[in-house]
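Please read the structure below before turning to the comments.
The values are calculated or read from the model by the stated rules, or taken from the named source; none is laboratory data. Keep in mind it's a predicted model, so treat the numbers as computed, not measured. Cβ atoms come from the backbone with ideal geometry, glycine included; neighbour counts cover every protein chain shown.
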Amino acid sequence: MQKAPFKIAIVHEWFVEYAGSERVVEQLLQVYPGADLFSVIDFMPDHLRNHILHKKATTTFIQKLPFARKHYRNYLALMPLAIEQLDVSAYDVVISSSHAVAKGVITHAGQVHICYCHSPIRYAWDLYHQYLRESGLAKGLKGFIAKSMLHYVRMWDYTTANRPDHYIANSGYIARRIKKVYNREASVIYPPVDVENFSVSTKKEDFYLTASRLVPYKKVDLIVEAFAKQPDKKLIIIGDGPDAKKIKSKITNNIEFMGYQPFEVLKDHMQRARAFVFAAEEDFGIIPVEAQACGTPVIAFGKGGACETVVEGVTGVLYREQHVTSLINAIIEFESRLPEFSPSVIRQHAERFSSATFKANIKAFVEEHAS
């Protein structure tokens with residue numbers, strides 16, 4: 001007699017845009033199209049809803065609070081309470097896609113809860129002090145309120161660490177953080193990268209490329225400063241964000257700032273670039289893998305997910321300090337080893353992170369642990 005399919009719930013923090021964690025939900029839905037969605041809020045624009053099969057998530061009371069559409073993060077202190085109000089008791093398997101509170105959804109003993117953890121809450125744990133400094137909340141009354149709120153969130157996050165039956169980390173780096181913060185072991189399944197949407201170009205041109213949202217932790221200003229000191233090397237920047245004005249103020253004649261560009265323009269530049277330059281410490285980092293899918297080598301800061309996606313001397317070069325001098329030395333080393341980098345070998349490596357691989361690994365994991 002054939003076993004009935006699992007009834008599956010997918011719990012996600014919030015649906016407001018289509019970014020890295022939403023890509024994971026998209027692929028989970030392709031594996032389990034009958035799954036129901038749950039989230040704190042769902043303000044996903046109509047033109048992006050195809051990524052979640054045009055489903056509407058069951059949401060919490062925060063959905064109806066004032067200004068929740070734009071300022072939902074201001075309700076962080078209410079999110080632990082909100083996520084616990086979601087009733088997923090009717091499902092055999094609950095898969096939480098969590099970087100904040102989704103893992104805290106309440107399940108019963110007859111269910112299997114699998115948490116795909118993008119990261120423990122970074123601004124409550126390892127980026128706590130950096131977040132307070134950059135937000136201007138290190139001192140004063142507002143700072144006291146923010147610290148008190150984050151202390152509460154941190155305690156709740158730790159006490160709910162045992163709610164999932166199994167953890168999946170999006171990288172070995174995050175698996176180590178899950179062990180440190182939650183004292184739980186995690187299997188590693190790399191997130192899906194749409195490598196099929198990129199093609200190899202063997203004709204590389206005489207420019208370097210960086211592309212990202214322009215926010216402080218991406219360290220694009222560090223890249224700009226490194227190229228400003230190397231006027232014989234051209235850098236192209238694609239992206240926009242709060243740091244745009246600061247970055248533009250540091251640009252020299254050998255640096256071109258293109259701002260936000262559509263996907264086809266970004267892909268074209270990725271294919272033609274001599275190398276892609278990356279300075280952030282990311283949990284995983286999708287865009288360096290996309291560059292490698294174009295056969296383009298990557299020069300990346302050697303901490304976090306880049307250590308798992310960039311192979312030293314084969315698909316790129318890693319530098320050890322988030323410092324201008326370290327990056328300059330990495331660029332010099334890269335150019336001295338340029339003949340060693342094969343676009344076809346780099347592309348082959350990127351295929352390890354394909355959507356097809358992710359879906360196969362997720363399906364195998366759920367079937368193994370939920371049977």
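Per the listing L222, L214, the residue uniquely crowded, with 17+ Cβ neighbours inside 10 Å, more than 23 Å from Q348 (Cα to Cα), assigned by TED's automatic domain parsing to the domain that holds G295 and modelled with pLDDT of 95 or more is L222. Taken over the stretch 312-337, the residue count meeting the criterion of being in contact with a strand residue (DSSP E or B) (Cβ under 9 Å, 6 or more places away or on another chain) and under 22 Å from S199 (Cβ atoms) is 2. Is it fair to say H129 is at pLDDT below 95 and outside the structural domain of R176 (by TED's automatic domain parsing)? Yes; evaluated as a whole, the condition is true for this residue. Taking the criterion of being out of contact with any Phe, Trp or Tyr (no Cβ under 9 Å at 6 or more places or on another chain), closer than 26 Å to Y190 by Cβ and of a type in the set (S, T, N, Q), would at least one residue in the stretch 84-94 satisfy it? No; the residues of the stretch 84-94 include none that is out of contact with any Phe, Trp or Tyr (no Cβ under 9 Å at 6 or more places or on another chain), closer than 26 Å to Y190 by Cβ and of a type in the set (S, T, N, Q). Checked against the criteria, H54 counts as at positive phi, surrounded by fewer than 20 Cβ atoms within 10 Å (Cβ to Cβ) and either touching a strand residue (DSSP E or B) at 6+ places or on another chain (Cβ under 9 Å) or not basic (K, R) (or both).
Just to be sure, is I62 in contact with an Asp or Glu (Cβ under 9 Å, 6 or more places away or on another chain) and of a type in the set (A, V, I, L, M, F, W, C)? Here the answer is no, as I62 does not meet what is asked.
When E84 is tested against (1) within 26 Å of A146 (Cα to Cα); (2) of a type in the set (D, E); (3) out of contact with any Lys or Arg (no Cβ under 8 Å at 6 or more places or on another chain); (4) in contact (Cβ under 8 Å) with a residue 24 or more places away in the chain, exactly one condition is not met: (4).
Taking D46 as meeting all but one of (1) surrounded by fewer than 19 Cβ atoms within 10 Å (Cβ to Cβ); (2) of a type outside the set (A, V, I, L, M); (3) touching a Phe, Trp or Tyr at 6+ places or on another chain (Cβ under 7 Å); (4) more than 30 Å from S371 (Cα to Cα), write down the number of the exception. (3) is the only condition that D46 fails.
Could you go through the stretch 173-195 and let me know if any residue there is closer than 20 Å to E22 by Cβ, under 16 Å from the mean Cα position of the chain (by Cα) and among the basic types (K, R). No: the stretch 173-195 contains no residue that is closer than 20 Å to E22 by Cβ, under 16 Å from the mean Cα position of the chain (by Cα) and among the basic types (K, R).
Taking the criterion of being of a type outside the set (F, W, Y), in contact with a helix residue (DSSP H, G or I) (Cβ under 7 Å, 6 or more places away or on another chain) and crowded, with 16+ Cβ neighbours inside 10 Å, the residues of the stretch 147-164 that qualify are L150, V153, T160, A161, R163, P164.
The residue that is farthest from H349 (Cα to Cα), counting only those in the stretch 178-196 that are in contact (Cβ under 8 Å) with a residue 60 or more places away in the chain and not β-branched (V, I, T), is Y182. Going by the structure shown, is K246 free of Cβ contacts under 8 Å to residues at least 60 places away in the same chain and assigned by TED's automatic domain parsing to the domain that holds K359? In short, no.
Listed here are the residues, each with its yes/no results for (1) in a strand (DSSP E or B); (2) under 13 Å from T210 (Cα atoms); (3) among the charged types (D, E, K, R).
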position	(1), (2), (3)
I236	yes, yes, no
D240	no, yes, yes
K246	no, no, yes
K250	no, no, yes
M258	yes, yes, no
